[in-house]
């Protein structure tokens, strides 16, 4: 159950320490990278797009791979034709909302709420 806050309430040191630990882990995971989807060559050679999973559908163009942040899980993205294709991210059991992931090799990638 969520805590109800009132005027004058404070956050104990243990709460702030937990928050600090989470921020440190987040920085260790993504470093100083700025997460900007749909910008090719932003994160190195080749087309690499980084995301925080927020929407159900990934729209992409051309063949590529979707990988979790550590690269230990991956799936192949195959277009239906030479135009844009939608991929249902809910089909990936290893990708939860809020997770970081990357799309590698596609000409374009972005998350959307609805399929094409």
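When only C-alpha pairs under 8 Å and at least 6 residues apart count, what is the relative contact order of the range 48-112, in percent?
Working: 144 pairs, mean separation 35.4, N = 65.
About 54 percent, as a whole number.
Each of 80, 103, 52 has some number of other Cβ atoms within 10 Å of its Cβ, and from fewest to most they run 80, 52, 103. With coordinates expressed along the principal axes, the C-alpha atoms belonging to the range 48-112 extend over 29, 20, 17 Å, beginning with the largest.
How much FRET efficiency would the formula 1/(1 + (r/R0)^6) give for residue 20 and residue 54, where r is the Cβ-Cβ distance and R0 is 35 Å, rounded to 0.05? Computed FRET efficiency for residue 20 and residue 54 comes out at 0.90.
Would you mind checking the range 85-116 for residues with the amide N under 13 Å from a putative spin-label position 7 Å along Cα→C-beta of residue 62? Counting only backbone N, you get 104-109.
Every number in this text was worked out from the coordinates using simple rules, so none of it is lab data. It should be emphasised that the depicted structure is a prediction, and the values quoted were computed from it without experimental measurement. No Cβ is skipped: glycine too gets one built from the backbone with ideal geometry, and neighbour counts run over all protein chains shown.
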